[in-house]
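The values are calculated or read from the model by the stated rules, or taken from the named source; none is laboratory data. All values reported here derive from a predicted model rather than from experimental measurement. Please note: Cβ atoms are built from the backbone with ideal geometry, for glycine as well, and neighbour counts cover all protein chains shown.
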Amino acid sequence: MAKVAIVGAGPAGATLALLLAERGIDVTLLERRADFAREFRGEVLMPSGVDALAQMGLAGLLDRIANRPQREFALYLNGRLSVSGSLDADAPVAVSQPALLEGVVELAERHAGMEFRPGASVRSLRRDGDRIVGVTFGDAAGERQVHADLVVGADGRNSFVRRQLAVTTRSTSPPMDVVWCKVPRPQWWRGARGYVGRGHLLIAYHTWDDSLQVAWAILKGTFGDLRGRGIAAWVEEMANFVSDDLADHLRGNTDRLSRSFLLESVSGRVVRWSRPGALLIGDAAHAMSPVGGQGLNIALRDAIVAANHLVPALSGTADPGRLARALADIEAERLREVAPIQRLQAVPPKLVLSQAWFGELARRAAGRAVQRPFVQRLAARRASDFLHGLTEVRLNV
Ligand SMILES: Cc1cc2nc3c(=O)[nH]c(=O)nc-3n(C[C@H](O)[C@H](O)[C@H](O)COP(=O)(O)OP(=O)(O)OC[C@H]3O[C@@H](n4cnc5c(N)ncnc54)[C@H](O)[C@@H]3O)c2cc1C
């Protein structure tokens, strides 16, 4: 019986573990943290992510955990309302990611071949020649080893497995960071809003725990200066380019801002997703920028495509040649979606935060262009790519 070691129980690793364990493959899922309570994981599931969970048989779990559909949306350009509307069935949903992951792992653990190891930090890869044959991990009991026919690195944007495999990463990051904070939700707030213009980009949405999450993209390296001026000064900076109702709310709640921190925005992609006996998926293969709330959805879709190819390759006696072809097919299939989505994610920050001499001209031109119907149709198509994904992803094993 083939055995898989998955490093990292984020959305990519936890769901792949479930899919493989359900199909009779032995899985050890190793997670560095002892619990799932992490603040900064992506919380917004696009319809493509909701669909991925449904295909995995997890629609019931999604209904049971805390979630909040984002039916109303509005886009403001230079402080003025530009587009607004509501989505019924196909709305993005803010979910509690810790509850989602806990539920997925609990379901996976019902299968005989599944072993979940929380608090287990992978410290090295075991090799036989140039082939990866397992991992060494440390936990409260000391250091131990797991043998595996395949090691999957699903250990996120700073992937340890990726570093051990020494695969080259190409950055697709625009030079931005994200100030991430929560404020109490105003009674009148509904759904999600985006504010673009005057050198700023800010998204705010109604969270699953009934707060208002604010994500403010700033030029990389400028937070030190902002923080030095104190919270009231940087709240004032945000307030200056949003609509009046939100500006008043932010100013009135400066002392109730919670869990604020700076998140370094990283986005890039490895040039090869696999080596003999090892595969990278999720952010480990392609760190997604927070723009357009894509990382969680893409990670879930990676897990489906990986399962489609891995289940036949790992059933019965593991054949290294067959496995190598399956790994190459996973990369080729997912690249068709991941590469164009990363290109799309880079556009808004490049336009909004550009410091080049033509940056302001480009912003003004974009502000005027967006009033034109054909530009609005184009923007709606691109928004649909973010909502529904770019490729057909069907679980077929
Ligand atoms: C500020 C911010 C906001 C975002 N908002 C959204 C959003 O709204 N919607 C969206 O879709 N995406 C969003 N994203 C992106 C999204 O969070 C990620 O793309 C997604 O979590 C990737 O999932 P993953 O499973 O690949 O990795 P991760 O979620 O990063 O999981 C990796 C796991 O590996 C574990 N791990 C790491 N190293 C080791 C080790 N050595 N041994 C064992 N375990 C290890 C980690 O503890 C972690 O649990 C956002 C990202 C950021 C930074």
Those residues of region 270-296 which are away from the ligand (no atom under 12 Å from the Cβ), outside any loop (DSSP other than H, G, I, E, B), in contact (Cβ under 8 Å) with a residue 60 or more places away in the chain and out of contact with any strand residue (DSSP E or B) (no Cβ under 6 Å at 6 or more places or on another chain), in sequence order: Arg275
Considering only residues of region 90-129 that are of a type in the set (S, T, N, Q) and modelled with pLDDT of 95 or more, which is nearest to Ile65 (Cα to Cα)? Ser121
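Out of curiosity, is Ser82 within 13 Å of the ligand (Cβ to nearest atom) and either in contact with a Lys or Arg (Cβ under 7 Å, 6 or more places away or on another chain) or within 21 Å of Ala192 (Cα to Cα) (or both)?
Numbers: within 13 Å of the ligand (Cβ to nearest atom): no; either in contact with a Lys or Arg (Cβ under 7 Å, 6 or more places away or on another chain) or within 21 Å of Ala192 (Cα to Cα) (or both): yes.
Here the answer is no, as Ser82 does not meet what is asked.
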Yes/no for Val105 being among the β-branched types (Val, Ile, Thr) and surrounded by fewer than 24 Cβ atoms within 10 Å (Cβ to Cβ): yes
Taking region 23-65 and keeping residues away from the ligand (no atom under 15 Å from the Cβ), surrounded by fewer than 19 Cβ atoms within 10 Å (Cβ to Cβ) and not in a helix (DSSP H, G or I) leaves Arg23, Gly24, Gly57, Ile65
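Okay, residues lined up against (1) exposed (fewer than 14 other Cβ atoms within 10 Å of the Cβ); (2) touching a helix residue (DSSP H, G or I) at 6+ places or on another chain (Cβ under 8 Å); (3) closer than 22 Å to Pro11 by Cα:
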site: Ser96; (1), (2), (3): no, no, yes
site: Leu101; (1), (2), (3): no, yes, yes
site: Arg127; (1), (2), (3): no, no, no
site: Ala140; (1), (2), (3): yes, no, no
site: His147; (1), (2), (3): yes, no, no
Restricting attention to region 281-289, does a residue exist that is buried (at least 22 other Cβ atoms within 10 Å of the Cβ) and over 27 Å from Ala17 (Cα atoms)? no
Hey, can you tell me all the residues within region 227-237 that are under 17 Å from Ser258 (Cα atoms) and not acidic (Asp, Glu)? Arg227, Gly230, Ile231, Ala232, Ala233, Trp234, Val235
If you scan region 35-87, which residues turn out to be within 16 Å of Ile203 (Cα to Cα) and hydroxyl-bearing (Ser, Thr, Tyr)? Tyr76, Ser82, Ser84
Condition first: hydroxyl-bearing (Ser, Thr, Tyr), farther than 18 Å from Leu16 by Cα and modelled with pLDDT of 90 or more. Can you find one or more residues in region 351-374 that meet it? no
Number of the condition not met by Gly199 [criteria: (1) closer than 24 Å to Val44 by Cβ; (2) touching a helix residue (DSSP H, G or I) at 6+ places or on another chain (Cβ under 9 Å); (3) surrounded by fewer than 16 Cβ atoms within 10 Å (Cβ to Cβ); (4) not hydrophobic (A, V, I, L, M, F, W, C)]: (1)
Working only within region 256-269, note down all residues that are away from the ligand (no atom under 11 Å from the Cβ) and surrounded by 16 or more Cβ atoms within 10 Å (Cβ to Cβ). Leu257, Ser260, Gly268, Arg269
Determine whether region 258-268 contains at least one residue that is part of a helix (DSSP H, G or I) and in contact with a helix residue (DSSP H, G or I) (Cβ under 8 Å, 6 or more places away or on another chain). no
Among residues belonging to region 182-196 that are farther than 22 Å from Arg227 by Cα and of a type in the set (D, E, K, R), point out the one that is surrounded by the fewest Cβ atoms within 10 Å (Cβ to Cβ). Arg190
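Yes or no: Val179 within 16 Å of the ligand (Cβ to nearest atom), surrounded by 19 or more Cβ atoms within 10 Å (Cβ to Cβ), under 30 Å from Ala99 (Cβ atoms) and among the β-branched types (Val, Ile, Thr)?
Taking the combined requirement at face value, the residue satisfies it.
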Quick check on Ala303: is it away from the ligand (no atom under 11 Å from the Cβ) and buried (at least 23 other Cβ atoms within 10 Å of the Cβ)? no
Which pairs do you get when a residue that is farther than 22 Å from Arg394 by Cβ, found in region 51-71, comes within reach of a residue that is among the aromatic types (Phe, Trp, Tyr) and modelled with pLDDT of 95 or more, reach meaning Cβ atoms under 8 angstrom, with the pair 6+ apart or on two chains? Gln70/Tyr205
